[in-house]
Amino acid sequence: MYNQYFGQYLLNKELLSAEQLRDILNRERLTRPRLGLLAIDAGLLTVAQVEKIHSLQHAMDKKFGEIAVEKNFLTIKQVEDLLITQRGRRLKLSQAIVDAGYLSLSRLEAVWEQYKAETNLADGKIDTLYGNLDNIVRAVVDFSSAGTKAKLLYEYIALMLRIIPRFFDEEPILTLSNEKVQGTLISQTMTGVISISTGVIMNDELLLEMAKRYSGEELIEVNELALDSIAEFLNETNGIFTVNMSESGFELNLEPQEVQGDVLPSPRAYRIPIEISCGTIDLFICIGDKII
Amino acid sequence: MKKMDILICDDSMLVRKKLKDLLEKLECQVWEARNGEAGFEIYQQVNPHIVFMDIVMPKIGGLEALKMIKDYDPKAKVIMLSSTGTATKLTEAIKCGAVDFIQKPYDDEQIRCVLAKFSG
C-alpha cells in the first residue's frame, strides 16, 4: 500500500508524470499477491471466508486483516505473517521506477530519504502509513482555509482514496490539474451538527466505465441505470463516512443524491481531481452549503 | 423455503434490479417502489411477507414509511437496507419496528439468511 503513497509524493514533487505513475502502479498491482489468496494458499482461510471479508470491506472502512481478526478467522500473528509474505513477493516501487528509467537509483534514494523525513516515517514503520493517509492528502491538497473543519475534508478524501481500489480495482492518484472536468455532477448532502455536501463530476466515457465496473451490468450508454450506479457508489461511500463520523461522536444524516448535467459547482466547494486509468474524476466537497 | 411476496422499497434502480434478480432466482414474487409513499401504497394492496426498505429516499423516507406500515399492520416484517449503518440509525429503526437491519452494500448470503429467518 505504501507504494501508492510514495508514488503520490513523487507526482506531487513533479518527479514522475501522472502517466508514468499509473504505469508503475499498474506494474506493482499486477505483481502484488492478494492477502486473501496468500491466506488460502497457507490453508488459513477458506474461499468463502475470503469472499465474506471482501464483501464486508465494501461496507466498512477496514483493512482485510482487521476484519479477519474481528471475525476470528485469523489471529493477529497470522495476519502479520501474511503481510510479511506479501511484502516479500511484490514488486518494489523503487525497482519498477529504476527499471523503467524514470529516475536513477541515486536520485530515488535521495528522494526516499526526503520523503521519510517529511512524513516522519521511520525505517520499519512503513505500514503505519495506511492509518496516516491523511498525511499524504495533506501533502497534496491544502484545506487550511477551512479552519477547524479541514480535518473532515482530509478524512473524506482519504476515505475516497481507500474506497476506489475496493470497488474499481484501481489505484487512484490525486493530481494538481487545473483543467476542470466537464460532465455530469452527482452529489449528496449530509446534514447534522454540520452540513457537508460531496459530489463527483465525470465525463460520459468515464461515467459509463465506472458504472459498468461498479454495477457489474452490461451498460452501453449513460442511461438511468448508469447514473444510478454512480449515485449509489457515492451513497455507499458517504454511508461509510457517516459511520466513521458517528464513531467520532458526529451524527450525520444522508439526503437523497442529486444528478445534474453540465452545471458549475459553487465557488465555495473544494475541488479535488482524482485520476484513475480511464479518466479524471473531479471530486467536490462543500461544508455548510450545497455543491450547487 | 416457501414462495414469498417481497416488496423492495428503494430509490436506487440498481439496488432494486440486483435485489429483484436475486429474489426471483429464489422464486419470490417481487414488487418495487422507489420511495416510501409508493411503498406504503403497494404494501396495502399486496400485504407482502417481507419488505426491504431503504432509509434515504425522496418524498417519504424509509423510517417514516416503516412507521406507516407498522401502524397499518403491526405484524409487518420490515428489514431496513441502508448505507447509513450507524448505531443511532439502527436503534431508531428497531424502535420503529424493523425486524432487521442490513448495511449496504449487502451480499447475497445476507439476503438468503434473513429470508430463511423470517420465512416462517
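The values are calculated or read from the model by the stated rules, or taken from the named source; none is laboratory data. Please read all numbers here as calculations on a predicted model, not as lab measurements. Cβ: placed from backbone, ideal geometry, glycine included. Neighbour counts: every protein chain shown. When the accessible area is computed, the model is the full protein with side chains, heavy atoms only, and any ligands, DNA or RNA have been set aside. Shrake-Rupley method; radii C 1.70, N 1.55, O 1.52, S 1.80 Å.
Residues in the range A:235-271 that are in a strand (DSSP E or B), closer than 22 Å to A:Asn203 by Cβ and hydrophobic (A, V, I, L, M, F, W, C): A:Val259 alone.
Please determine, by comparing only the residues of the range A:239-248 that are open to solvent by less than 10 Å² (accessible area, probe 1.4 Å) and more than 7 Å from chain B (Cβ to nearest Cβ), which one is farthest from B:Pro105 (Cα to Cα). So, considering only residues that are open to solvent by less than 10 Å² (accessible area, probe 1.4 Å) and more than 7 Å from chain B (Cβ to nearest Cβ), the one farthest from B:Pro105 (Cα to Cα) is A:Met245.
Applying the selection to the range A:54-65, what residues are of a type in the set (D, E, K, R) and either modelled with pLDDT of 90 or more or surrounded by 18 or more Cβ atoms within 10 Å (Cβ to Cβ) (or both)? Working first, answer last.
Filtering the range A:54-65 for residues of a type in the set (D, E, K, R) gives A:61-63.
Within the range A:54-65, A:Asp61, A:Lys63 qualify.
Suppose we keep only residues that are under 20 Å from A:Leu176 (Cα atoms) and surrounded by fewer than 16 Cβ atoms within 10 Å (Cβ to Cβ) within the range A:249-270. Which one would you say is nearest to the other protein chains (Cβ to nearest Cβ)? Of everything passing the filter in the range A:249-270, A:Ser266 is nearest to the other protein chains (Cβ to nearest Cβ). There is no residue in the range A:215-233 that is more than 11 Å from chain B (Cβ to nearest Cβ), buried (at least 21 other Cβ atoms within 10 Å of the Cβ) and not in a loop (DSSP other than H, G, I, E, B).
Out of all the residues in the range A:71-80, is one or more buried (at least 17 other Cβ atoms within 10 Å of the Cβ), basic (Lys, Arg) and out of contact with any Ser or Thr (no Cβ under 7 Å at 6 or more places or on another chain)? No, because not a single residue in the range A:71-80 is buried (at least 17 other Cβ atoms within 10 Å of the Cβ), basic (Lys, Arg) and out of contact with any Ser or Thr (no Cβ under 7 Å at 6 or more places or on another chain).
Summed over the range B:5-21, the residues that are open to solvent by 10 Å² or more (accessible area, probe 1.4 Å), in contact (Cβ under 8 Å) with a residue 40 or more places away in the chain and either part of a strand (DSSP E or B) or away from chain A (no Cβ under 11 Å) (or both) give a count of 1.
When the range B:69-100 is limited to residues that are among the hydrophobic types (A, V, I, L, M, F, W, C) and within 12 Å of another protein chain (Cβ to nearest Cβ), the one that is farthest from B:Leu19 (Cα to Cα) turns out to be B:Ala87.
In the set (1) open to solvent by 20 Å² or more (accessible area, probe 1.4 Å); (2) closer than 20 Å to A:Ser229 by Cα; (3) at the interface with chain A (Cβ under 10 Å from one of its Cβ atoms), B:Asp54 fails one condition alone, (1).
State whether the residues of the range A:53-67 include one that is within 14 Å of chain B (Cβ to nearest Cβ), polar (S, T, N, Q) and part of a helix (DSSP H, G or I).
yes
Here the condition is being more than 14 Å from every other protein chain (Cβ to nearest Cβ), of a type in the set (S, T, N, Q) and within 13 Å of the chain's Cα centre (by Cα); of B:Asn47, B:Asn35, it holds for B:Asn47 alone.
If you filter the range A:117-135 down to residues that are assigned to a helix (DSSP H, G or I), open to solvent by 10 Å² or more (accessible area, probe 1.4 Å) and not acidic (Asp, Glu), you find that the one that is modelled with the highest pLDDT is A:Ala117. Is there a residue in the range A:182-190 that is surrounded by fewer than 20 Cβ atoms within 10 Å (Cβ to Cβ) and among the small types (Gly, Ala, Ser)? No, because not a single residue in the range A:182-190 is surrounded by fewer than 20 Cβ atoms within 10 Å (Cβ to Cβ) and among the small types (Gly, Ala, Ser).
Every residue, every condition in (1) under 21 Å from A:Asp262 (Cα atoms); (2) under 19 Å from the mean Cα position of the chain (by Cα), yes or no:
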site	(1), (2)
A:Ser195	no, no
A:Asp204	yes, no
A:Ser215	no, yes
A:Glu218	no, no
A:Asn223	yes, no
A:Asp228	yes, no
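The C-beta contact set for the range A:6-17 (first residue over 18 Å from A:Lys92 (Cβ atoms), second residue assigned to a loop (DSSP other than H, G, I, E, B), distance under 9 angstrom, 6+ apart or interchain) comprises A:Asn12/A:Leu176; A:Glu14/A:Leu176; A:Ser17/A:Tyr102.
The set of residues from the range A:7-34 being farther than 25 Å from A:Phe241 by Cα, in contact with a Leu (Cβ under 7 Å, 6 or more places away or on another chain), of a type outside the set (Gly, Ala, Ser) and open to solvent by less than 30 Å² (accessible area, probe 1.4 Å) comprises A:Leu10, A:Leu11, A:Leu16, A:Leu21, A:Ile24, A:Glu28. Quick one: would you say A:Glu179 is open to solvent by 20 Å² or more (accessible area, probe 1.4 Å) and within 14 Å of chain B (Cβ to nearest Cβ)? Against the criterion (open to solvent by 20 Å² or more (accessible area, probe 1.4 Å) and within 14 Å of chain B (Cβ to nearest Cβ)), A:Glu179 does not qualify.
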